[in-house]
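K.L.:
Mind looking over this structure? Questions follow.
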Amino acid sequence: MTVQKGQPQNYVGQRVNRVDGPDKVRGAATYAAEFDLPELAHAVLVSATIPHGSIKSIDETAARAVPGVLDILTHESEGIELKPVKAYPRGPAGTSVLPLQSPKIEFRGQPVALVVAESLEAAQHAAQLLEIEYDASDFRATLEQGMNGLPLLDKVPMPPLGHSRGDVGKGMKDASTTFEATYDTPVHHHNPLEMHAVTAAWDGDERVTIYEPTQWMQSSQYTLAAMLGLEPDNVHVISPFVGGGFGSKATTWPHLPTAVLAARKLGRPVKLVLSRAQMFAAVGYRAATTSAYTVGLDDNAQFTAMTLDAQTQTGVSDLFPEQVGNVPKMLYANPNMELKQTLIRTHAGPNIMMRAPGEASGGFGLEVLMDELAEKAGLDPLEFRRRNHAPENEDPESGKPYSSKHLLECYDRAADAFGWDGRTPEIGSMRDGNTLIGWGMATATYPVYASAATARARLCASGHVEIEAGSHDIGTGTYSILAGIAADSLGMDIEQIKVKLGDSRLPKNGYSGGSRTASSVGSAVLAAAMGLREELLEAATHDSNSPLHGVAGQDIKVRDGGLYFGDTDQGETYTAILGRMGKDQHEVYRETIPHEGSQKQLDQLKAGKDGSVAAVAERYARHSWGAVFVEVRIDPDFMTPRVSRIVGAFDIGQVINAKTAESQLTGGMVWGVGMALHEETQTDDRTGLILNSNLAEYHIPVNADIGSVQAIALDHPDFRVSALGARGAGEIGIVGTAAAVANAIYHATGKRVRETPITLDKLL
Amino acid sequence: MRPFEYARAQSVAEAVGRPGKFLAGGTTLMDLMKLDVERPAHLTDITPLRENGELSQIVEDGGGVKIGALASMSQTAEHPLIAERYPALSQALLAGASQQIRNMASMGGNVMQRTRCPYFRDLAFKECNKRDPGSGCGAIGGHHRKMAILGGSDACIATHASDASVALVAYGAALTLRGPDGERRVKLEDFNLLPGETPHIEHDLREGELIVALTLPAPIAADGVYLKVRDRESYEFALSSCAAVLDVQEGKVNAAHVTLGGVGTRPWRSPEAEAALVGQPATRETFEAAARAALQHAHPLAQNAFKVPLTARVIVRALMQAAGQIDEAGNPTTGANA
């Protein structure tokens, strides 16, 4: 089903303000930690201060003596048993490590106790007085320690992550030039503005309500149900607003069951909000990576072969791969490829997806490599990429045609807007007085994940239409996007559409990650809204009292909240139709299967799983595309790299809301600047603990670090991906940007830094 | 946070002599109390003395200026007496923290600001001689990219965090301290102590004493520069900074004050650099000699070794700028004859 041609598109594709904006500005949008329940008790989580070992003893005496303390949960507490769960991607939990079930510590920051009190202040004070002694063991807290240390922990080769095609040996022999280089990225922590939080309230022993910010309500629902032996339907998750997640709120972390257990034990609702330092502990992170490349080029500067040997970090118990091979295996034409990845276990805890997992980290290495190769070949970096462009009809990874690919147009549009023609290739040749100027670019790509989805559209007697979907607005604009789709489908004013999200009792939807919500849930909302329109049209044209009685459906247009014959006034409002139907509301529920998917994805969704189709589908390989151009200005004395200008052009399919899509793309590029210049979780090698677990020392860009940022969306609908023609805007902006910054720095200074962040000490 | 006794002082007389800590803007103290690093049993809130004006005036004082200890950072930075006569101080204040913090933080509190050393701020690290004397120093054998290269000891290499204090020392600021036994004056450069074997003793401040004012003598020159290099453009501490005030007469340096930030265990006045400047022609060669002199006793470790060449460049640039030879971007100013 597609939005019919000839219908007004007042919202889809336009710049539409956030429908929830006024509430957010007025503080009327209720976030998870703001639900105030009667008898609410306050909890503080206590985190392990060693990366590996076990708890020797816990002295609760002083903590329990604090007035107002209600209980302290530790592994010694009774009645807090949890059943095992599987970690993502095998299950919906963030980690299989269960909280407070044993004295064993396998990562820094692992929850070891929960203090519950009448007030937050009493809980915080008591938590400081809890005396925990540890038996510390040897540890490997970083990728480097894991790679170079004694085999305290295993290394796990990941065959499914490997990719092999052609004959690399022959390709290397055919090469006229070969090149080797290794690229590293550090640990990153998501750090959404809103902390992880949970308020848990039991109704008897079998039903619990959870208020929490989440990107995937079903993860909480099914994980808690499995841990506690409850029916999933008896776990009610409420998550109307999410103050950013970036992957960290996609799966369930140990603080959630801990608070739920405390609430059950106390027979009172319990609220737990993590501290900023705890946002660096048991809530996932982007794993450190190291990518070693060998490549061969022929006389024409085209690839003859590429090998990538990657090592990435993970935790002790789970295996989440930071898939650095995702981009190199498909982005450029190359007949011979061999990719292998090894996961290195560390006591840093379970890692998880973080905005463009694998694509951001892997894209950095590949796109700096491309810059190095272009220079070796004596070619402009953009020309070198064009020369190795993979044609639209053949994805190098799968051999399948692409659903839609306009990468060359991204290059043209971004290069034009940036003024790339004015670049002089010599190192340090572009200056503004004393200031060095460098121009660099990179390609961006992000795969399509499309999910089964469900939605309900309900016409109310008031004339409003309610859209219900058990999905999430993680700050990306889902409320506004879905409202716009429904408004256009029904020819209504967007203010007449009320979107309800963030409640697990609403029609089921999957994980809001992988840049999929707008296209996947949007398709279900489109189907439900169009279904509502068709049923009302059916009712009107079959009703002899309707001015539209007997009019052919294809001659009827939607506008002004009703149905009209062509452009005439012959017609009526939806409420008039509803009134004659003798109903005070009429609702339509729709389920959508993603393009190239099947009933299987819908069944998975209903069973609490992901329910998505992979990027390489049955008929088409499906990716988004982009090109990012960056200007840096560097003081030659201090070598302080500053990004003065970014232009990115992106082929992301149909843009649904031009304003929120632009925010996603520019936000992604800004994050890419942070990845290039600022972001790094620092670990103390001798204790395995994090040194910068606060936002003063964990650097992200501030406004003063960002010059002008321009995002161009090409707006070619991709109907091989979704009924809306949309692919997704959430993640692609960060991919490539860090490399474009690194390449610009090289152009300005001649310093090739093959790791992030590129701080001034690496350039002096 | 641990429980504490809270009192509000309505006058200086009421505040002086009270046990525990004084609470002004709270931007360091409350932060460290939440982290359990600071554990005062008594807290005396002196913000009424800001509101009633007793300690928040900025006034002419002889040829200099007196800044009430509770004047805020932003109020001080924007005050015409400071912006016009002590430009390096105004620049240093505006280069520090964020606007919100500058609105809260007081000048007296700024000179009491404590280090950002992670081993000091996080109780999970057991080694910190500053927090727990005798426990060792986590930074020396650990992560020390941002640590001091000047003024450290085997016990502590924590960097002094303040920008404003660097400029205050360059302008020869003194503190007026009022205690139960009366008032005394201490020059700021003497008020901050070197860590030596006692890094937990940071200031020449006696029990019950309250900083009531900062006094600045008349500046030696109208122009002054605070140059700060950091990992990002705002809301970030200095990797290296320099406050330079130069009196150049007929091409020769008549008087010079040079103080470094981000590299010392206290705001780092460099008499060596000043000696290398005075009486010499105001040229790049002289400034480079001053930079070498300032850094001759630097003791970098592996990760902060970059601060030595970086600081040399910071000093030269700050001096050239203070001499009017270049602008902020390092471009020659019109008519400059360096």
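Throughout, read-outs are computed from the coordinates displayed, never taken from laboratory work. Quantities reported herein were computed from a predicted structural model and do not represent experimental measurements. Ideal geometry is used to build each Cβ from the backbone, glycine not excepted, and the neighbour counts take in all protein chains shown.
K.L.:
Can you compute the modelled spin-label distance between B:LYS187 and A:SER429, with each label point 7 Å from Cα toward Cβ, in nm?
P.N.:
Here the answer is 5.4 nm between the modelled labels.
K.L.:
Now for a different question. Mean Kyte-Doolittle hydropathy of 0.5 or higher plus an axial Cα length of 18 Å or more: which whole DSSP H helices in chain B meet both?
P.N.:
B:307-322
K.L.:
Still on this model: Neighbouring Cβ atoms within 10 Å as the yardstick, rank A:HIS125, A:HIS389 fewest first.
P.N.:
Result, fewest neighbours first: A:HIS389, A:HIS125.
K.L.:
For the pair B:ARG206/B:ALA302, report the inter-label distance in nm, with labels modelled 7 Å from Cα in the Cβ direction.
P.N.:
If labels sit at B:ARG206 and B:ALA302, their model points lie 4.7 nm apart.
K.L.:
Please report A:ARG90, A:ARG345, A:ARG140 as a ranked list, fewest other C-beta atoms within 10 angstrom at the top and most at the bottom.
P.N.:
A:ARG90, A:ARG345, A:ARG140
K.L.:
Of B:GLN75, A:TYR88, A:LEU537, which is farthest along the charge dipole of the protein assembly as shown in the positive direction, counting Lys and Arg as +1 and Asp and Glu as -1 at C-beta?
P.N.:
A:TYR88
K.L.:
Please report the antiparallel percentage of DSSP beta bridges with both residues in chain A, rounded to the nearest 5.
P.N.:
Antiparallel: roughly 75 percent of the beta bridges in chain A.
K.L.:
Once you order the gyration tensor axes a ≥ b ≥ c over the Cα atoms, which shape class does the stretch A:382-496 get: rounded for a/c under 1.5, otherwise prolate or oblate by comparing a/b with b/c?
P.N.:
prolate
K.L.:
Another question, then. Give me the distance in nm between label points sitting 7 Å out from Cα along the Cα-to-Cβ direction at A:SER644 and B:LEU123, one decimal.
P.N.:
Placing both labels 7 Å beyond Cα along the Cβ direction yields 4.9 nm.
K.L.:
How much length would be gained if the chain were fully extended between A:ALA333 and A:ASP603, taking 0.36 nm per residue of separation minus their Cα-Cα distance, in nm to one decimal?
P.N.:
That pair, A:ALA333 and A:ASP603, stretches by 93.5 nm at full extension.
K.L.:
Neighbouring Cβ atoms within 10 Å as the yardstick, rank B:GLU127, A:GLU180 fewest first.
P.N.:
Ascending Cβ contact count within 10 Å gives the list A:GLU180, B:GLU127.
K.L.:
Okay, helix-only estimate at 222 nm for the protein assembly as shown: each DSSP H run of n ≥ 4 adds -39500 (n - 2.57), divide by all residues, round to 500 deg cm²/dmol; what do you get?
P.N.:
Value at 222 nm, helices only: -7000 deg cm²/dmol.
K.L.:
Using a Gaussian network model of chain B whose springs link C-alpha atoms within less than 10 Å, name the residue from B:VAL59, B:VAL316, B:VAL225 with the highest mean-square fluctuation.
P.N.:
Answer for the Gaussian network model of chain B: B:VAL59.
K.L.:
Here's something else I'd like to know. Report, by chain and number, residues whose modeled amide H sits under 5 Å from the one on B:ASP61, excluding near sequence neighbours (fewer than 5 apart, same chain).
P.N.:
Amide H to amide H, under 5 Å and 5 or more residues apart or across chains, B:ASP61 pairs with B:LYS66.
K.L.:
Contact order normalised by length for chain B, with contacts defined as Cα pairs under 8 Å and 6 or more residues apart; what percent is it?
P.N.:
Value for chain B: 16 percent.
K.L.:
Moving to a separate point now. Normalised by the number of residues in chain A, what is the relative contact order in percent for Cα pairs under 8 Å and 6+ residues apart?
P.N.:
Worked out over chain A, it gives 16 percent.
K.L.:
Where in the stretch B:78-108 is the amide nitrogen less than 18 Å from a point lying 7 Å along the Cα-to-Cβ axis of B:GLN57?
P.N.:
B:79-82, B:107-108
K.L.:
Now for a different question. How much length, in nm to one decimal, is gained on full extension between A:VAL702 and A:ASP36, taken as 0.36 nm per residue of separation minus their Cα-Cα distance?
P.N.:
236.4 nm
K.L.:
In addition: With only alpha-carbon atoms counted, please give the Rg and Dmax of the protein assembly as shown, in Å.
P.N.:
Rg then Dmax for the protein assembly as shown, in Å: 31.6, 105.
K.L.:
State the answer as a single residue: which of A:GLY550, A:LEU319, A:GLY736 lies farthest towards the positive end of the charge dipole of chain A, with beta carbon charges of +1 for Lys and Arg and -1 for Asp and Glu, about the Cα centre.
P.N.:
A:GLY550
K.L.:
Scan around A:GLY562 for amide H atoms under 5 Å from its own, H built in the peptide plane at 1.01 Å from N, and keep only partners 5 or more places away or cross-chain.
P.N.:
Amide H to amide H, under 5 Å and 5 or more residues apart or across chains, A:GLY562 pairs with A:TYR574.
K.L.:
Is any helix in chain A, taking whole DSSP H runs, at least 15 angstrom long along its axis by alpha carbon and on average at least -0.5 on the Kyte-Doolittle scale, and which ones?
P.N.:
A:217-228, A:255-266, A:359-377, A:407-418, A:478-490, A:517-541, A:658-677, A:737-749
K.L.:
Any idea what the dipole of the stretch A:617-764 comes to, in debye rounded to 20, about its Cα centre with Lys/Arg Cβ at +1 and Asp/Glu Cβ at -1?
P.N.:
Dipole of the stretch A:617-764, to the nearest 20 debye: 420 debye.
K.L.:
Moving on to the next point. Quick query: amide H of A:LYS86 versus all other amide H atoms, modeled in the peptide plane; which residues come in under 5 Å with a sequence gap of 5 or more or a different chain?
P.N.:
Residues meeting the amide H criterion: A:ALA93.
K.L.:
Okay, moving on. In debye to the nearest 20, how big a dipole does the stretch B:225-322 give about its Cα centre with +1 on each Lys and Arg Cβ and -1 on each Asp and Glu Cβ?
P.N.:
The calculation lands at about 220 debye.
K.L.:
Can you tell me how the stretch A:273-372 classifies by the Cα gyration tensor, rounded, prolate or oblate, using a/c under 1.5 as the rounded cut?
P.N.:
Here the stretch A:273-372 falls in the prolate category.
K.L.:
Each residue of the stretch A:548-554 in order: what ³J(HN,Hα) in whole Hz does its phi give by Karplus 6.51 cos²θ - 1.76 cosθ + 1.60, θ = phi - 60°, with x for Gly and Pro?
P.N.:
Those phi angles translate into 9, 4, x, 6, 5, x, 5 Hz.
K.L.:
Any idea what the dipole of the stretch A:135-189 comes to, in debye rounded to 20, about its Cα centre with Lys/Arg Cβ at +1 and Asp/Glu Cβ at -1?
P.N.:
Using only the charged Cβ atoms, the result is roughly 320 debye.
K.L.:
Would you be so kind as to identify which of A:ALA127, A:PHE139, A:PRO103 lies farthest towards the positive end of the dipole of the stretch A:96-196, taking Lys and Arg as +1 and Asp and Glu as -1 on Cβ and the Cα centre as origin?
P.N.:
So the residue furthest toward the plus end is A:PHE139.
K.L.:
Return the FRET efficiency for the residue pair A:HIS542, A:ARG26: r is the Cβ-Cβ distance, R0 is 51 Å, and the value is rounded to the nearest 0.05.
P.N.:
About 0.65, to the nearest 0.05.
K.L.:
Go through the stretch B:136-149 residue by residue and turn each phi into a ³J(HN,Hα) via Karplus (6.51, -1.76, 1.60, θ = phi - 60°); whole Hz please, and just put x for glycine and proline.
P.N.:
x, 10, x, 6, 4, x, x, 8, 9, 4, 9, 6, 6, 10
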